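Trainee: My questions all concern the structure below.
The values are calculated or read from the model by the stated rules, or taken from the named source; none is laboratory data. Model, not experiment: these values are computed from the prediction. Ideal geometry is used to build each Cβ from the backbone, glycine not excepted, and the neighbour counts take in all protein chains shown. Surface accessibility is based on the protein's heavy atoms, side chains included, excluding ligands, DNA and RNA. Shrake-Rupley method; radii C 1.70, N 1.55, O 1.52, S 1.80 Å.
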Amino acid sequence: MAFTSLGLSEDILRAVAEQGYASPTPIQAQAIPAVLGGRDLLAAAQTGTGKTAAFTLPLLQRLIEGTRVNDRPGRAPRALVLVPTRELAAQVSESVRVYGRHTGIRAAVVFGGVGLQPQVAALRRGIDILIATPGRLLDLVGQRHVNLSGIDFLVLDEADRMLDMGFIHDLKRILGLLPKVRQNLLFSATFSEDIRKLAAGLLHQPLSIEVAPRNAPAELVSQSVYHVPKTGKQVLLAHLLSHGRWGQTLVFTRTKHGANRLAEQLDRNGFRVAVIHGNKSQSARTQALAAFKEDRVQILVATDIAARGLDIQQLPHVVNYELPHVPEDYVHRIGRTGRAGADGAAVSLVCADEAPQLRDIERLLGRRLPAHPVPEEILSTVKADPTPPRTPIKPMPRSESRPASRRGSSNLPRRVL
Ligand code: AMP
């Protein structure tokens, strides 16, 4: 299928061609005609599938066509794109700018952690599309800098993460401020009961699109694990980075502190590293991401929340230095590689403590992940993980014990391994 058959205007097609996209991705091929036809959408799609263009391109088209449902007060926005994180907000805004550059459609992005004034000024100039994180949007509405009564189109991007991050109340408040009649598009990588409930209350006879099996990671990503003692992870990572001649690598840790510590160690080993986590200021995060995208640093160490929505083209390696507690986060993490047709590899370093997390992830994926042997020269330099303490078997209190002759074999104390 060609982009030209989808019903998009010349101005939009030109921008798409400038991006070098040869044909629509599966989600784009399904979503674009449906959105142009005015339907609500429920899309199961992760980052890497081309979902941003799947909603942005038809949204731009509908705005150009000027079909209006609600009265627009002054120069208030007509489309609202809600996203969970600042990084995703910045990224969606960049996509809207790129795809809409020949259309004259104006957009602004608002998110917390940076000054209010430039955002207020952008809103005052008048915009068509507003991309926002929920908290900052409510601040701006509260201070009457933005009026949502002219919204004809609502997009919820990464709705699952929005709920995971506790935005449900903000979301409900925002929904209460929107006109009743509008077109709604909901994108989510995973579908929990809460997401289904949200979708049921929000969407009107939606078209459901699922481009990858539910909760399944991008097919092009090869996944594997190394079972390695906790104390050997850093040496193994350094070994893989240098011996494997890995290029750009995104490394996930579970905590901000862990991210800082690992980055310092890798820096001492001579790698070019940047860190991105929730305690970093917005400008530090933007700089780290820019340095990584421009290949000035080879390794970006990140926590889950900070990395949400990062769009890094041609990222060959993702490393789970520590496994996430929530198995769906694993799918999100590895969705950073193998994007839009490129091959990728996701490698997890798993110590003895993390066996339960690995089991949960494999259950979600529906398969075991192949394990590589850890090179002997690394194993010989590190201490094995301590074996879990033996659980002492408590003797039964006398009053509860039964005569040995009546005990079934299941009551015999089992040897604790
Ligand atoms: P997304 O899933 O929206 O985060 O997009 C993932 C990546 O795919 C981005 O880097 C886009 O630039 C790229 N992309 C989107 N649509 C296409 C397409 N039709 N062909 C090739 N790459 C695309």
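Trainee: Please specify each residue of the stretch 56-95 satisfying the condition of being among the β-branched types (Val, Ile, Thr), closer than 19 Å to LEU178 by Cβ and buried (at least 19 other Cβ atoms within 10 Å of the Cβ).
Mentor: Start the filter on the stretch 56-95 by keeping residues that are among the β-branched types (Val, Ile, Thr), which leaves 56, 64, 67, 69, 81, 83, 85, 92.
The next check asks that each one be closer than 19 Å to LEU178 by Cβ; those that pass are 67, 69, 81, 83, 92.
Correct list: VAL81, VAL83, VAL92.
Trainee: Another question, if that's okay. Suppose we keep only residues that are more than 13 Å from the ligand (Cβ to nearest atom) and within 26 Å of TYR21 (Cα to Cα) within the stretch 60-81. Which one would you say is farthest from the chain's Cα centre (by Cα)? Working first, answer last.
Mentor: First, the residues of the stretch 60-81 that are more than 13 Å from the ligand (Cβ to nearest atom): 60-80.
Narrowing the set further to residues that are within 26 Å of TYR21 (Cα to Cα) leaves 60-65, 79-80.
Working: LEU60: 24, GLN61: 26, ARG62: 27, LEU63: 27, ILE64: 30, GLU65: 32, ALA79: 22, LEU80: 20 Å.
That would be GLU65.
Trainee: With the checklist (1) touching a helix residue (DSSP H, G or I) at 6+ places or on another chain (Cβ under 7 Å); (2) within 13 Å of the ligand (Cβ to nearest atom) in hand, flag the one item ILE105 doesn't pass.
Mentor: (2)
Trainee: Ok, one more. Return yes when ALA34 is more than 15 Å from the ligand (Cβ to nearest atom) and either in contact (Cβ under 8 Å) with a residue 60 or more places away in the chain or in contact with a strand residue (DSSP E or B) (Cβ under 9 Å, 6 or more places away or on another chain) (or both) and no when it is not. Full working, then the answer.
Mentor: Values: more than 15 Å from the ligand (Cβ to nearest atom): yes; either in contact (Cβ under 8 Å) with a residue 60 or more places away in the chain or in contact with a strand residue (DSSP E or B) (Cβ under 9 Å, 6 or more places away or on another chain) (or both): yes.
Yes, satisfied.
Trainee: Test GLY50 against the criterion of being closer than 21 Å to GLU210 by Cα, within 11 Å of the ligand (Cβ to nearest atom) and open to solvent by 10 Å² or more (accessible area, probe 1.4 Å), and give yes or no. Don't jump to the end; show me each part of the working.
Mentor: Details: closer than 21 Å to GLU210 by Cα: yes; within 11 Å of the ligand (Cβ to nearest atom): yes; open to solvent by 10 Å² or more (accessible area, probe 1.4 Å): yes.
Taking the combined requirement at face value, the residue satisfies it.
Trainee: Scan the stretch 17-31 for residues that are surrounded by fewer than 18 Cβ atoms within 10 Å (Cβ to Cβ) and more than 9 Å from the ligand (Cβ to nearest atom) and report the count.
Mentor: Matching residues across the stretch 17-31 total 3.
Trainee: List pairs: first in the stretch 42-55 and touching a residue at least 12 places away in the same chain (Cβ under 8 Å), second near the ligand (Cβ under 7 Å from one of its atoms) and among the β-branched types (Val, Ile, Thr), Cβ under 8 Å, 6+ apart or cross-chain?
Mentor: Partner pairs satisfying both residue conditions: THR49/THR25; GLY50/THR25; ALA53/THR25; ALA54/THR25.
Trainee: Kindly provide the set of residues from the stretch 327-379 that are assigned to a loop (DSSP other than H, G, I, E, B) and modelled with pLDDT under 85, ordered by number.
Mentor: Listed by number, the residues that qualify are GLY335, ARG336, THR337, GLY338, ALA342, ASP343, GLY366, ARG367.
Trainee: Does ARG14 count as part of a loop (DSSP other than H, G, I, E, B), in contact (Cβ under 8 Å) with a residue 60 or more places away in the chain and away from the ligand (no atom under 13 Å from the Cβ)? Working first, answer last.
Mentor: Details: part of a loop (DSSP other than H, G, I, E, B): no; in contact (Cβ under 8 Å) with a residue 60 or more places away in the chain: yes; away from the ligand (no atom under 13 Å from the Cβ): yes.
No; evaluated as a whole, the condition is false for this residue.
Trainee: Let me ask you something else. Is it the case, given these coordinates, that ASP139 is under 21 Å from GLN282 (Cβ atoms), modelled with pLDDT of 95 or more and open to solvent by less than 20 Å² (accessible area, probe 1.4 Å)?
Mentor: No, not satisfied.
Trainee: Now a separate question. Checking LEU175 against (1) open to solvent by 30 Å² or more (accessible area, probe 1.4 Å); (2) at pLDDT 85 or above; (3) not assigned by TED's automatic domain parsing to the domain that holds GLY37, which test does it fail?
Mentor: (3)
Trainee: How many residues are assigned to a strand (DSSP E or B) and more than 20 Å from ARG86 (Cβ to Cβ) when one looks only at the stretch 253-277? Full working, then the answer.
Mentor: Taking the stretch 253-277 and keeping what is assigned to a strand (DSSP E or B), we get 273-276.
Checking the rest, the ones that are also more than 20 Å from ARG86 (Cβ to Cβ) come to 273.
Selection size over the stretch 253-277: 1.
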